[in-house]
Amino acid sequence: MPLETLSEHGCFGGVQGYYRHDSESIGLPMQLGVYLPPQARDRAVPVLFYLAGLTCNEETFLIKAGAQRHAAERGIMLVAPDTSPRNTGIEDAERDWDLGTGAGFYVDASRAPWSRHFRMHEYVVHELRQLIADHFPARLDRAGIFGHSMGGHGALTAALRNPGVYRSVSAFAPIAAPSQCPWGRKAFTHYLGENPSDWHDWDASELMAAADQPFPGGILIDQGLEDKFLKAGQLLPERFEQVCEDARQPLNLRLHPGYDHGYYFIASFIEDHLEFHAAQLTD
């Protein structure tokens with residue numbers, strides 16, 4: 001499928017680019033950011049997909065996290081899609097910051113009117129991967145996924161729902177049990193309907209509880225202890241920790257005093273995540 005270049009910038013010996021294409025799964029144009037490390041000039045490289053959180057877009061992580069230097073050192077491509085469809089014409093899509101535009105929750109909506117365009121799981125796991133394969137020198141057999149908050153939820157669910165697609169998975173302050181928190185209940189009711197049993201396929205904790213193919217390389221999660229959303233019961237990492245223990249899934253849940261939910265927190269530990277993925281994605 002055609003890919004329109006919006007801008008490209010030299011960055012740590014590689015190229016930071018922003019692009020747009022007409023999405024078949026979404027039914028609307030979608031934008032994404034791609035960082036090509038310098039090694040991509042000579043060979044195909046491993047690729048790490050990043051899913052951003054509520055209110056963010058394809059630029060947020062790539063501007064704020066400081067990830068490109070670490071990706072360049074390790075020869076890893078970074079791919080960051082937008083967080084939702086935009087300009088959908090859905091009346092409620094612009095009403096609340098935690099629903100609709102900027103809040104796709106990386107699910108495939110099954111309830112009208114959201115089901116027409118809000119198919120972010122299908123987009124990320126299938127269409128976006130194929131787009132990257134068609135236009136960039138990516139080793140999709142060596143792909144990892146990570147994300148922040150809503151995107152941490154998306155990364156965990158994408159990895160757990162699609163065994164073998166991603167070699168590695170990590171998250172910053174993920175919404176780890178959305179069926180049990182206000183953010184998740186609100187989004188899932190609108191996107192998936194009012195029956196909680198229909199939500200379990202989109203809940204990382206429920207998926208882990210039923211998993212029979214854990215990630216042998218482990219899962220890394222970083223969580224700030226001054227995170228106001230942790231204190232408000234929106235994230236629930238303890239629930240995910242418990243089901244990982246029950247499933248014998250190796251989990252490194254690191255709790256950090258003094259850190260909140262924002263990108264200062266992410267920038268502080270982004271190198272650890274790049275190193276974690278590089279150990280599983282590179283020779």
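If you check 43, 74, which single one turns out to be charged (D, E, K, R), farther than 20 Å from residue 128 by Cα and surrounded by fewer than 16 Cβ atoms within 10 Å (Cβ to Cβ)? Write out each step before concluding.
On the way: 74 fails: surrounded by fewer than 16 Cβ atoms within 10 Å (Cβ to Cβ).
From the options 43, 74, the qualifying one is 43.
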_Residue under question is residue 115, and the condition is that it be in contact with a Gly (Cβ under 8 Å, 6 or more places away or on another chain) and among the polar types (S, T, N, Q); does it hold?_
no
*List the number of the failed condition for residue 111; all other conditions in (1) open to solvent by less than 50 Å² (accessible area, probe 1.4 Å); (2) in contact (Cβ under 8 Å) with a residue 60 or more places away in the chain; (3) not in a helix (DSSP H, G or I) hold.*
(1)
*Which condition number does residue 69 fail, the rest of (1) touching a Phe, Trp or Tyr at 6+ places or on another chain (Cβ under 7 Å); (2) closer than 22 Å to residue 139 by Cα; (3) surrounded by 20 or more Cβ atoms within 10 Å (Cβ to Cβ) being met?*
(3)
*Of residues in region 46-61 being open to solvent by 10 Å² or more (accessible area, probe 1.4 Å) and among the hydrophobic types (A, V, I, L, M, F, W, C), the one nearest to residue 12 (Cα to Cα)*: 56
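From the residues in region 144-182 that are surrounded by fewer than 24 Cβ atoms within 10 Å (Cβ to Cβ) and of a type in the set (Gly, Ala, Ser), which one is nearest to residue 215 (Cα to Cα)? Lay out the reasoning, then the answer.
In the first step, residues of region 144-182 are kept if they are surrounded by fewer than 24 Cβ atoms within 10 Å (Cβ to Cβ); the result is 158, 161-165, 167, 179-182.
Then keep just the ones that are of a type in the set (Gly, Ala, Ser); that gives 158, 164, 179.
On the way: 158: 13, 164: 10, 179: 23 Å.
The residue in question is 164.
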*Under 7 Å between Cβ atoms, at least 6 apart or on separate chains: pull out the pairs that start in region 192-217 with a residue that is of a type in the set (S, T, N, Q) and end on any residue that is open to solvent by less than 60 Å² (accessible area, probe 1.4 Å) and at pLDDT 95 or above.*
205/176; 205/177; 205/240; 205/243
*What number of residues within region 237-257 satisfy the criterion of being open to solvent by 30 Å² or more (accessible area, probe 1.4 Å) and either in contact with a helix residue (DSSP H, G or I) (Cβ under 9 Å, 6 or more places away or on another chain) or not in a loop (DSSP other than H, G, I, E, B) (or both)?*
12
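The values are calculated or read from the model by the stated rules, or taken from the named source; none is laboratory data. Here the structure is a predicted model, which means the values were calculated and not measured. So basically every Cβ, Gly included, is an ideal-geometry build from the backbone, and we count neighbours across all protein chains shown. Note: areas computed on protein heavy atoms with side chains; ligands, DNA, RNA excluded. Shrake-Rupley method; radii C 1.70, N 1.55, O 1.52, S 1.80 Å.
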